[in-house]
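All of the numbers you see were taken from the coordinates with simple rules; none came from a lab. Remember, it's a predicted structure, so these values are computed and weren't measured experimentally. Backbone-built Cβ (ideal geometry, glycine too); neighbour counts: all protein chains shown.
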Ligand code: KG4
Ligand code: ZN
């Protein structure tokens, strides 16, 4: 008998991207729409109230675009999945209300998704990686590096995940953004810092690595060190930043890449698990990717899975694939399910 085709719609509104995607049972992405909210650039960070209003304005349009570019009809959708949390509560509530109404209107199941879990499960989208065609076998480790989170997670199954280490203060994405802001870059500064690094000498400036035991991270010390350093230097030379921008960016990016790789090496030696995926916006950084790929080449046991940029940064395909994996296990929600802003646990 021919297997029924399943179509899942995913909605992501946890921060400043209004994103909608359609995925089918073969884990192929049929559409992946992202409407970026440019307005936040001038404020140096996301303004939650503005983000919520813009999600409200763009969501219907994004859903219609996702449905038409997937070349499906609304009545072919089997379930709607959406980000329940963590994230900014106003933006989350807009997505949740939309998804709940959509599920009631079409009489289809509602599936809530944990945003961080979705970043990790994006590995199960077909052709997600730049360097591997197969899905990682369980168990694997995930280095989850985004604007909101920095974690090393042991993934034993789709819905069995354990956090082995996480940041004690700032996330790595936040460190990129805050340091980039000191250099005058608009939000989000991570990608801008990366592009300036390309012309810089990473050996010019040495910043100290945080001394954090075990598999946890800390980035607030690095941020303060950079701030103090450029303040001191700028007193003597007001053009210090402008004159040294490329080298500053390259030196900072390099040390962050080293910190991340060292922690993952420690996690591998603690667990004996040699498969590692990267996830989250910061895993789009080419220097971080290079560090991991060089190490993979030198260590035949290692298997590194690196997502394409469009699946590393916030997107709704990761919400749709998590929705599909839950649908296959009959994990559904009622319309009473409540959005939450802070990460609590994987479930
Ligand atoms: O996963 P994501 O899109 O949203 C969250 O869930 O937080 O991650 C956003 C973060 C921002 O801090 C952004 O600056 C950072 O990812 N980012 C980068 C790069 N692209 C995005 N950081 C460094 N290099 C990049 N190429
Ligand atoms: Zn994210």
Taking the Cα atoms of region 207-347, report the difference between the largest and smallest coordinate on each principal axis, in whole Å and largest first. 64, 43, 30
Where Rh denotes the Kirkwood radius from the mean inverse Cα pair distance, what is Rg over Rh for region 116-274? 1.02
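Calculate the translational D of the chain in whole µm² s⁻¹ from Stokes-Einstein, where the hydrodynamic radius comes from the Kirkwood formula applied to all Cα pairs, the temperature is 20 °C and the viscosity 1.002 mPa s.
Reported coefficient: 103 µm²/s.
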Using the reciprocal of the averaged 1/r over all distinct C-alpha pairs, how large is the Kirkwood radius of region 94-159 in Å? 14.1
Given only helices, namely DSSP H runs of n ≥ 4 each adding -39500 (n - 2.57), what is the per-residue ellipticity at 222 nm of the chain, to the nearest 500 deg cm²/dmol? -13500 deg cm²/dmol
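Would you please calculate the Kirkwood hydrodynamic radius of region 236-298 over all C-alpha pairs and express it in Å, rounded to one decimal?
Kirkwood radius, region 236-298: 13.5 Å.
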I'd like the distance between the alpha-carbon centres of region 26-53 and region 284-347, rounded to an integer number of Å. 18
Sorted peptide list for 303-309, 82-88, 289-295, criterion being average Cβ within 10 angstrom, highest first: 82-88, 303-309, 289-295
For the chain, what is the percent of antiparallel DSSP beta bridges, rounded to the nearest 5? 60
Specify the inter-centroid distance of region 212-230 and region 56-93, based on alpha-carbon positions, in whole Å. 38
Taking a ≥ b ≥ c as the square roots of the Cα gyration tensor eigenvalues, with a/c under 1.5 meaning rounded and otherwise prolate when a/b beats b/c or oblate if not, region 26-159 comes out oblate
One would report the antiparallel percent of DSSP beta bridges in region 140-307, rounded to the nearest 5, as 60
Most mobile of 262, 12, 242 in a GNM of the chain (Cα contacts under 10 Å): 242
